[in-house]
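Here's the structure, in C-alpha cells; my notes come after.
Rule-based calculations on the coordinates, nothing more; no lab input. This one's a predicted model, so the numbers in the text were calculated from it and none came from an experiment. Neighbour counts run over all protein chains shown; Cβ positions are idealised from the backbone, glycine included.
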C-alpha cells in the first residue's frame with residue numbers, strides 16, 4: 001500500500017498594493033487562473049487535508065483547490081510567511097537584497113525581520129503538529145516561498161540557503177513521504193508536476 005504524500009504549495013501571483021499590508025494581499029487574475037487550473041490536477045486527487053496559512057493569498061489558493069476536491073480547509077495562523085512587518089512593503093530590488101541577507105544570515109534579524117532560524121523552527125513545528133495526527137490520505141499545505149524554502153531545507157537536510165528557494169512567480173510545490181520524510185521532489189512549478 002503506497003504511503004501518503006505531503007505537499008507544500010506556494011500561492012501563485014498576487015495583486016501587489018503598497019497601501020495594503022502584505023498579509024492581506026489577494027491573488028492577482030493570473031494567480032487565480034493558475035490556482036483554478038491547479039485545482040484540476042490529478043496528482044491532488046488523494047488529498048484529504050488542506051492546511052493554509054492565515055494570509056489572504058494562501059487562503060484564496062487553498063479555497064479554490066478545496067472546493068474542487070470537496071473538502072474543508074484548515075487555517076493555521078502560525079504558518080504565515082516570515083514576519084517582515086518591520087520594513088513593510090519594499091520595492092522589488094530592495095526586497096530581493098534583504099531576502100538574500102535573510103537566508104545568508106539565518107541567526108541574525110535583518111532590518112527587523114524575523115530571523116530565518118526562528119521562522120524555520122515555527123514552520124517545522126506547525127507542520128509536524130499536523131502530521132502527528134496521522135490521518136489517512138495526502139496532506140496539502142498552502143503557504144509561502146520563504147517559510148516553504150525553510151521547511152524544504154529542514155526536510156531535505158540542507159543548511160538554510162536561498163539556493164534552495166522556489167522559482168519566481170509562486171505556484172510551486174515540493175513533496176515528501178509522510179513516513180520517513182523522504183523528499184520526493186524539490187520545488188516544481190505546479191503546471192509541470194505529473195503523477
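Just want the ordering: 81, 191, from fewest to most Cβ atoms lying within 10 Å of their own Cβ.
191, 81
Using per-residue counts of other Cβ atoms within 10 Å, averaged over each peptide, order 137-149, 164-176, 66-78, 29-41 from highest down.
Top of the packing list down: 137-149, 164-176, 29-41, 66-78.
Given Cα positions, please report Rg to Rh for region 109-194, the hydrodynamic radius being the Kirkwood one.
0.96
Using a simple spin-label model with points 7 Å from Cα along the Cα→Cβ vector, what separation in nm is obtained for residue 109 and residue 74?
About 3.1 nm, to one decimal.
Using 0.36 nm per residue of separation minus the Cα-Cα distance, give me the extension gain between residue 43 and residue 30 in nm, one decimal.
Contour length minus the Cα-Cα distance gives 2.5 nm.
Anyone know which of 100, 182, 19 comes out most mobile in the 10 Å Cα GNM of the chain?
Between 100, 182, 19, it is 19 that shows the largest mean-square fluctuation.
Rg/Rh for region 47-195: what does it come to with C-alpha atoms and Rh from Kirkwood?
A ratio of 0.95.
Would region 51-118 count as rounded, prolate or oblate if I go by the C-alpha gyration tensor, calling it rounded below 1.5 in a/c and otherwise prolate when a/b exceeds b/c, oblate otherwise?
Prolate, because a/c is 1.5 or more and a/b exceeds b/c.
Answer rounded, prolate or oblate for region 5-115, using the Cα gyration tensor with square roots of eigenvalues a ≥ b ≥ c: rounded when a/c is under 1.5, else prolate when a/b is larger than b/c, else oblate.
Prolate, because a/c is 1.5 or more and a/b exceeds b/c.
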